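No value in this document is a laboratory result; all are computed from the given coordinates. No experiment lies behind these values; they were computed from the predicted model shown. Cβ placement follows ideal geometry from the backbone for every residue including glycine, while neighbour counts extend to all protein chains displayed.
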Amino acid sequence: MFPYEENFQSRHLGVGEADLQKMLNTIGVSSLDELIDQTIPQRIRLRKPLEIPEGVGEFRFLRDLQSVAARNKVFKSYIGLGYYDTITPSVILRNVFQNPGWYTQYTPYQAEIAQGRLEALLNFQTMVIDLTKLDVANASLLDEGTAAAEAMSMLFGLAQKSTNGQPANKFFVSETCFPQTIDILKTRALPVGIELVLGNHEKARLDRSFFGAIVQYPAEHGAVYDFRSFINHTHEVGAKVVVAADLLSLALLTPPGEFGADVAVGSTQRFGVPLGYGGPHAAYFATRNEFIRQMPGRIIGVSVDAQNNRAYRMTLQTREQHIRREKATSNICTAQALLAIMAGMYAVYHGPQGIKRIASGIHASAKALANMLKELGYTQLNEVYFDTLNIRSPVPTSKIRPIAERSGINFRYIDDKHFGISVDEATLPHDLEAIVRVCAEASGKSMPAFSLEKEIRITDVGYPPPHQRTSDYLQHPVFNQYHSETEMMRYIKMLENKDLSLTHSMIPLGSCTMKLNAATELFPVSWKEFANIHPFVPQDQIEGYRQVFSELESFLCEITGLHACSLQPNSGAQGEFAGLLVIRAYHQDRGEGKRNVALIPSSAHGTNPASAVMAGYKVVVVKCDDMGNIDVDDLRRKAEEHKNDLAALMVTYPSTHGVFEEAIQDMCDIVHKYGGLVYMDGANLNAQVGLTSPGVIGADVCHINLHKTFSIPHGGGGPGMGPICVAKNLAPYLPGHPLVKTGGEKAIHAVSAAPWGSPSILLISYAYIKMLGGKGITEATRYAILNANYLKARLESHYPVLYQGEKGRVAHEFILDPRELKATTGVDVEDIAKRLMDYGFHAPTVSFPVPGTLMIEPTESESKAELDRFADSLIAIRKEIKEIEDGKSSKEDNVLKNAPHTAQAALSEAWNRPYSRYKAVYPLGFVRQNKFWPSVGRINNSYGDRNIVCSCPPIEAYVEEEI
Amino acid sequence: MNFPANLKYTKDHEWIRIDGGFGWIGITDYAQSELGDIVFVELPAVGAKLEQGKTFGTIEAVKAVSDLYAPMSGEVVEINKEVQDSPEVVNKEPYERGWMIKVKIANSAELSSLLDADSYKKLIGK
């Protein structure tokens, strides 16, 4: 780097030179080196710096990346298979997708300061419910393939529950499902003993040994089948049916809920979410009311707040892994909130007429194209279709392909006689003309004379019964009042204003690493060279992406000290699942398939046991000692006890308690000695980068939450990415993909629908590492540890600190323990969390890993000034608690119990609190400068769980409120 | 906290009240207070056979979920619709309106393996 170039490190780190010394003084060390030496055990420290090039400035990075981007070829792709070009409305692109007010929030656990995205996600659920005509929908899953697998898994669970003894274990899969979906079903079925039966749904005869079936609607090659008799037959044998449906097609076609489906799944990508070479996009999952308690993923529900106003929250959380652990219905944690919000906004902006117009336009274009191709001798084989033509070609497709590619067009080549064309929203009349021209040239004919205006007849898009949809959809007011850009812009902003994001203040969530998501890192995600590429294009069109993947893989291997990397998993939980399957494949390959025990410490994140069960492991819990460390003796005992069937240890490092356990290498040695491998949960990798590594501590596999350590924004609950790195002996088993060569030579089946998961957001992590360089990412770790220890030093005389290392240091996060205050003052952690909102802060993690405590992770991006504001707030809250202890405040009616205070409550005529309005809403001076107003009061959780409403409340509810 | 002397208890925090060959089963005052606001109770169907110590249902609060374990073996003859429709009665009246299932006792000898109120109180440190 030239000395005059701008240094990104100084932009990423919150603390400057001037404040560093003051903070070190507060901590009580003379240098940052000394602090790090006291924090990370010497024997696991890296002996040399990371071999990752020096960082580059933001301007230079973007310019360099432009030449990488130029190596991608942006063709018009008509490949289909669940991915379609779409038009992202500019008002959504600018105000949601590219807006840190929408992409930097955390998952809406603190619902009072998340009403905006909760409403947006409720819109998404309502849209899905309306279009599928099922009763309930969740707030997104990772992709269509995994949503299908979740559906299979849910039905299997129901079958196990409803039968005593031998449950049905077969699942019928229509051979016309998308190939990537079939592959993911295999991935999920094998470890838990589900037998997949692939076949033709029209000929299938199921019996009582089947618990379920899945069909694709429209099918792989575009045909729209009438599934009614198949579904009746399946129901007769007691099995249930999943319909994987193209959500947009349901604007015209009879929805699955009306022909007997029990579950509908699919992608919402074509609702305005860019292709991104495979992701991220939101999948949907809808089912019948009776299965809601088995439904995977987060569900947004309606409840009321302390003032009895309507308020939204995540409902039925007891289904989820963070509470139910190995008994959870799924391991899903991070989903695709931001993308679901975009898809929901697309429906809000277009409304029912707009959605119908778009769907009709696509179908009319497909019909017109079929007619034009017919004149050239190309036969369209689908009797009924929506957007996808299945074409029998008069000339070998191998002759068509070079002409198409020369014209910048990708079709789906099925075999030498057949190819597919999926038309989409972004297919304009001249694109159709270009397709016809390619086909004319290939067949040696001249361009037929036609008039596109005549050919594309949008009014003529009806289907014969039973295919024509007759029911309405999107009738709720929210889908019918924001159709001008001005109204839409304001609606988006109104919701954004209800949410606390990183644009307001730090979000100090333990284990979630809410660091800076730099604007420069985010820019390239929207570049057309990265955004507008279909995941199944030929590899010579994505040389730019391949370069990014290969560099990023080598960076991640260098950082983890491991040998090979798979970028396929779309979340941390999916990384765990993939990693555990890789371990399983390794044992099986060595003839040790009986190894099926996963040792998991009691302090583990809930996804660990949930993933282990999904991957076919038996979970054995290892105790923690009073210091919060894994009990090494208990580990040794259990490893020895299971020496014949020990498969793996799952361990988080530094621990979920925020401590670098001294004994980590011994623990890994014990597991290796008894034939097991070590899976390291990378949730806390932000405390390791450049200083130690999973490889050094002895891990064989780890996942990396790119949305934590490597700057991908949380998006309010996704997207995320959870690539895995593995030791050399495990590299052969890294996940493959049925359509694109990925993974090792003995690859396990795919874990994600797209070969590289969500490629467009990999660019963010790539940018982070390129701009900070090896030295910069190491400094980030050091400053993350500095900030955590500084906050600890400021707070430890006010609240007990639960766990710390042998030298009194914490890693990048730490736990404050206010539990003893409950007995004397009635104040619990929930009250502190809600009161922090009045100070303008999002609470730290409050229910994990120790219920009733606050786990604080400040990250390296926060400045001393912000850390001080946060510490001052917690100290001020401790004083408010002291007033209760001293009898100056009431135990029941105080600033904590009544928090958060909304503007409406504070300004109400009938203010009758024993404290002032001013104290309620401006508890400290700085709050006056930058007041964030919670939009609702304390939400009643039990009301919401007892009265489950998961779609936009009916119109009457709004009218009532106005009165 | 109240632990009636006429009930028998399990270490998993269920109680059973025996009356003429039938047993009424619910969860203890301690269990309901530890769980917090109960939002859902999943119960077996009438006719289901319970085995002592095995799960017969689940109980959900906002932030916790727990299995229900049968204090004694027997056949379910009645379930309390009220706890399914208004699960909060388990919080309000764990021993009265909050009963969950009525079973026909299969083996009254199992009674001897259960705790009396004093032993249960000792178990939970009350």
Give the cross-link partners of A:LYS498 among the lysines, using a straight C-alpha distance below 17 Å as the criterion and excluding same-chain residues fewer than 8 apart. A:LYS834, A:LYS931
So if R0 is 35 Å, what FRET efficiency would A:GLU796 and A:ASP893 give, r being the distance between their Cβ atoms, rounded to the nearest 0.05? 0.70
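So, by mean Cβ neighbours within 10 angstrom, what's the order for A:422-432, A:199-209 with the highest one leading?
Working: A:422-432: 19.5, A:199-209: 14.1.
Those peptides, ordered most packed to least, come out A:422-432, A:199-209.
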Mind putting a number on the dipole of region A:311-464 about its Cα centre? Charges go on the C-beta only, +1 for Lys and Arg and -1 for Asp and Glu, and I need it in Debye to the nearest 20. 460
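Is there a simple number for the mean count of other chain Cβ atoms within 10 Å of the Cβ of residues in B:60-68, and what is it?
Working: counts 8, 5, 13, 9, 6, 9, 1, 1, 0.
Mean number of neighbouring Cβ atoms from other chains: 6.
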For the table A:LYS170/A:LYS594; A:LYS240/B:LYS104; A:LYS891/B:LYS121; A:LYS515/A:LYS807, the rows whose alpha-carbon distance is greater than 30 Å are A:LYS240/B:LYS104
If you average the C-alpha positions of region A:573-641 and of region B:67-126 separately, how far apart do those two centres end up, in angstrom? 35
Dipole magnitude of region A:61-162 about its Cα centre, charges +1 at Lys/Arg Cβ and -1 at Asp/Glu Cβ only, in debye to the nearest 20? 420
Can you give the alpha-carbon Rg of region A:275-347 over 2.2 N^0.38 Å, where N counts its residues? 1.29
Taking the Cα atoms only, what angle lies between the long axis of helix A:179-192 and the longest principal axis of chain A, rounded to 10 degrees? 50
Using the charge dipole of region A:1-88 (Lys, Arg: +1 at Cβ; Asp, Glu: -1 at Cβ; taken about the Cα centre), state which of A:MET23, A:LEU13, A:GLN66 has its Cα farthest towards the positive end. A:GLN66
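How shielded is B:37-46 by partner chains, expressed as the average number of their Cβ atoms within 10 Å of its Cβ atoms? If you can, show how the numbers build up before the last one.
Details: counts 6, 3, 11, 6, 0, 2, 0, 0, 0, 0.
That works out to 3 on average.
What net charge is computed for the residues neighbouring B:GLY53, neighbours being all others with C-beta under 13 Å from the C-beta of B:GLY53, Lys and Arg scored +1, Asp and Glu -1? Spell out each step's value before the answer.
Details: positive: B:LYS11, B:LYS54; negative: B:ASP12, B:GLU14, B:GLU51, B:ASP67, B:GLU110.
Taking every other residue near B:GLY53 into account, the sum is -3.
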Would you mind checking the radius of gyration and Dmax of region A:627-780 based on alpha-carbon positions, in Å? 17.0, 49
By its C-alpha gyration tensor, with a ≥ b ≥ c as the square roots of the eigenvalues, how is region A:513-626 shaped: rounded for a/c under 1.5, else prolate for a/b larger than b/c, else oblate? prolate
Shape call for chain A from the C-alpha gyration tensor, a ≥ b ≥ c root eigenvalues: rounded (a/c under 1.5), prolate (a/b greater than b/c) or oblate? prolate
Along the charge dipole of chain A, which of A:SER174, A:PRO738, A:ALA683 sits closest to the positive end, that is, farthest toward it, with unit charges on the beta carbon of Lys, Arg, Asp and Glu (+1, +1, -1, -1)? A:SER174
Tally Lys and Arg at +1 and Asp and Glu at -1 over the other residues with C-beta under 13 Å from the C-beta of A:ILE44: what net charge comes out? -2
Name the residue farthest towards the positive end of the dipole of region A:376-501 from the options A:PHE386, A:VAL438, A:TYR482, assuming +1 on Cβ of Lys and Arg, -1 on Cβ of Asp and Glu, about the Cα centre. A:VAL438
More than 21 Å apart: what percent of Cα pairs in region A:82-149 qualify? 39
To make sure I understand the rule: partners must be lysines, Cα under 26 Å from the Cα of A:LYS741, and not fewer than 8 residues away in the same chain. Which ones qualify? A:LYS73, A:LYS76, A:LYS186, A:LYS399, A:LYS417, A:LYS528, A:LYS728
Short version: what are the Cα gyration tensor semi-axes of region A:851-949, square root of 5 times each eigenvalue, largest first, in whole Å? 24, 20, 17
Mind checking the angle between helix A:429-442 and chain A's longest principal axis? C-alpha axes, 0 to 90 degrees, to the nearest 10. 60
Taking Cα atoms, the helix A:337-375 axis meets the longest principal axis of chain A at an angle in degrees (rounded to 10) of 20
Which aspartates and glutamates, on any chain, are close to A:LYS327 with Cα under 14 Å apart, when same-chain ones fewer than 8 places away are left out? B:GLU60, B:ASP67
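What percent antiparallel are the DSSP beta bridges of chain A, to the nearest 5? Please list the in-between numbers first.
Details: 43 of 78 bridges.
Just about 55 percent of them are antiparallel.
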Under the classification rounded if a/c is under 1.5, otherwise prolate if a/b is larger than b/c and oblate if not, where does region A:808-869 fall, given a ≥ b ≥ c as square roots of the Cα gyration tensor eigenvalues? oblate
Nearest-20 debye value, the protein assembly as shown charge dipole, Cβ charges on Lys, Arg, Asp, Glu: 880
